[in-house]
Every structure is written in C-alpha cells, then in structure tokens.
1. Return yes when residue A:91 is within 14 Å of chain B (Cβ to nearest Cβ), surrounded by fewer than 22 Cβ atoms within 10 Å (Cβ to Cβ) and either within 19 Å of the chain's Cα centre (by Cα) or under 24 Å from residue A:217 (Cα atoms) (or both) and no when it is not.
2. When residue A:97 is evaluated against the numbered criteria (1) buried (at least 19 other Cβ atoms within 10 Å of the Cβ); (2) within 14 Å of another protein chain (Cβ to nearest Cβ); (3) modelled with pLDDT under 95, which criterion, by number, is the only one it fails?
3. Within region A:145-168, is even one residue surrounded by 14 or more Cβ atoms within 10 Å (Cβ to Cβ), under 27 Å from the mean Cα position of the chain (by Cα) and under 21 Å from residue A:37 (Cα atoms)?
4. Looking at residue A:227 and the list (1) surrounded by fewer than 23 Cβ atoms within 10 Å (Cβ to Cβ); (2) at pLDDT below 95; (3) under 28 Å from residue A:58 (Cα atoms); (4) away from chain B (no Cβ under 14 Å), which single condition is not satisfied?
5. Given the options B:90, B:141, B:176, name the one that is in contact with a strand residue (DSSP E or B) (Cβ under 6 Å, 6 or more places away or on another chain) and facing chain A (nearest Cβ under 10 Å).
6. Of all residues in region A:190-215, which are modelled with pLDDT under 95 and within 23 Å of the chain's Cα centre (by Cα)?
7. Run down A:244, A:255, A:293, A:266 and say which single residue is within 15 Å of the chain's Cα centre (by Cα) and within 14 Å of chain B (Cβ to nearest Cβ).
8. Could you list all residues from region A:274-293 that are outside any loop (DSSP other than H, G, I, E, B), buried (at least 20 other Cβ atoms within 10 Å of the Cβ) and in contact with a helix residue (DSSP H, G or I) (Cβ under 8 Å, 6 or more places away or on another chain)?
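The values are calculated or read from the model by the stated rules, or taken from the named source; none is laboratory data. As the structure is a computational prediction, the values presented were derived from the model and not from experiment. FYI the Cβ positions are ideal-geometry reconstructions off the backbone, even for glycines, and counts take in every protein chain you see.
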C-alpha cells in the first residue's frame, strides 16, 4: 500500500517527459491533408509531339513555340535539315487548376487548332493511382487557298478542312524521377481519300520521362496506330510516330529538344500523316519552348 | 478507503492532463524571401499543432504542399526542386515553451526551444514569440529566420529569381481546447 503513491508519482513523471514528442506523434496520426496531390508528372503540356496529362494552373498562360527541321540524314548540304523548318505557335490558358483551353497555328497545311483539356482525376499519395486528363481538339487546315490552287480551293468546303481529335491521357508518376503515360487517341477527318485513308483512326500513345537531374529529364514517345491500312501506294505509306527528347527547365521556361520522324505538332498529323520511318533514319531535329506567365487568379 | 481516494485522485489528474491539451482553431504560417527581381511570399493555412497548456509542450506539423504562392509555377518548383515535398512532405517542430503560464492573462513573452525539421534535416532551434491566454483560447505569434543552408536546401543558380539565402517565417496560431 505504501508503494502506491510512488507508482502514482512515477506515472505523472512519465506523462510529462514524453509530452512533446507525444504531441507530434499524435499530430502525425491525423494523416494526410487534401493537398497530397501529385505534381509535375511531366514538365510541359506536350511530352514530345503528343500531349501530357498536365494542365495549366489557374490563371497561368503558357506560350508554346515549336519547331521541326528537315531530315538530319539529308546531310551537310542542307545543314542536316536545318535549312527547312515548320513551326507551331500556341497559347494555353488555365481557367482552373484542372480545366484549360488552348489555340495554335501550325505552318504544316497552314492549320489552326483549338482544344479543351480537363484533368478528370488526380493522382494522390493515398488515393487515385493515376492522373487522367481528357482532351478534345478541332483542327482546321486553311491550305490550299485560292492563290495556291484555285480549283481545289473552290471545291473544298469548310467541313472538308476540319478534323476532330478526342483523347485520354492516363499517367502515373511512379517515383520523383519516373513518369509513364498511356494515351488512347481517336482522330476523325471529315474528308479523306477513302481508297487509301481512313476517316476514323485509332492510336495508342506510350510515353515516359525520366529525370536525370533536378531540371533535366529524358523523354520518349511512341504512337502505335491501331487500324492503319496495309499495302498502301507509295505516296500513302504512313508510319508510327516516334520521338525522343531532352527536357531542360529554367525558371519559367521549358526547353524540349526533340528527335522524331514526324512533322506533326497536332494529332491529326502525328497519328495519320507521318510519312517518314524513324527506323530508316528519317529523323527530324526539333524543339518545343514554353514560357509560362501568371496573368490572373492570384492565390 | 485509501485505495479509493488514490483512484479518484488519479482520475482527476488524468482528466486534468488531457483537458490541458489545445489544438489549432486557426493558423497561418507565411514565409517571406527578399529577392533581387521580386519578393517571394507564400502562405499556409493547413498546419496542425498541439499545445499542452500545463507543461508548455508544443508541436506543430506543416504540410509543405499547402504553401500557396502567387505564381503556381513557382509553387511547383518550390515543392519539386527545393523542398522536395514528395520525399519530405512535412516540416515539424517539437519543443517546450519557456516562460509560458496558462494562468497569466494577457500577452506574455515566451521562448520555445526544441527541434525543427525541414527538408528532412533536424536542428535545435529557439523560437521567440508571444503568447496570449484568453478565457478559452491561446494565441501564439512568432517571427523567426530560417537559413536555407542549415536544412540542406539548395539555392538555384540558374533562375530568373534569385532566392535569398534565408527566409523570414511568421507564425500565427489560435488554439482552442481539445
């Protein structure tokens, strides 16, 4: 009986000593907060030629300037393709952290594109294993106009120049360095030469990036066409688009240096009109440069 | 009889100890960094904290990803490159306030000494501030300097904005009884 008060004192002592660390442990048990969403699965809105799951953040405007040069294997006379180039100028804006839209214009077929991108699911530490972004695009080619080809230009109606793209980007950031993406793409062209081309094309894009330093990453992309026509006449032979790139990030800029077999900087071209074979060495050098501006929606 | 007395006393004391625990009602942690081109501030309202008003023990845990920046890209860089918040999701402090009394009403100067962990690096830290005990609330305020180098946080060389080598952290916590 005499020992009991001693035990009691000891209990109080233990209570106080373990105090502060105990408090911290108790806090940690309260688990993750809502902010545990994965970020920076990819650096840019584009991985190489294709799109990534990334949307612009709210109030952020991105200017994207893309270039594809001629074929490297054209040799020194054409400065390994650098004599020729095609360009895409694009703008993308984030209405919210998940919903954005963009416009662009590519010199290939003098094509305009407009799209809406929505991040439907966000990867979370304890939650969704992947990020899923849905995107719908309309492209309109203005080539040829009346000066280029008066006959054809007068025959083509507006709807003949339109194509539509619907795609899903499904990506997972596996580690801080490695991210992989699956990208089913559906392309519908209103008007094609049906003997040799499909109105509707399906493709599955595979892409990944691996960070080698804090600001530099390597990326790769393969667009597998699922219903390509076989035995095409020579002018209509098409290939899967392949690309390899290096991403360099400096402050508000992302520089992507690219080696690819397509001139496509929009899906209609990448999926259905890539006419060089990467594995024959027909490779274009190119780059995407993006610059981000926070123009609205502070905090 | 003596036995009963002991148990009653024990229960009273145990109850008393738990009743002295306070949790956060409102919290704001901001940091401010003076830079050449523009000053950088970020605000975090998702801190968790507990305070034992009797002993002065205090702990807080700050989820790094909840720091809100004006520029969202900067926020991404902060998380991805500098605080590496996927590896180190939280900054924590566990310590004891010296000079704190839960019976003194009004503003009192206090000093909390303990361990501050940022970016996975733990250092001993003494944080000065004020405490105000109200009838059912305790308000803690403090301002202190964190040197990035102490926590192994790299300062970028290839940046548009140079990040200052130290940042000023302001803490504003309002506690209620648990």
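1. Spelling it out, it is not the case that residue A:91 is within 14 Å of chain B (Cβ to nearest Cβ), surrounded by fewer than 22 Cβ atoms within 10 Å (Cβ to Cβ) and either within 19 Å of the chain's Cα centre (by Cα) or under 24 Å from residue A:217 (Cα atoms) (or both).
2. (1)
3. Yes, region A:145-168 has at least one match.
4. Residue A:227 satisfies every listed condition except (3).
5. Only one candidate passes the filter, namely B:90.
6. A:213, A:214, A:215
7. After ruling out the rest, the residue left standing is A:255.
8. Hits for region A:274-293 are A:284, A:292.
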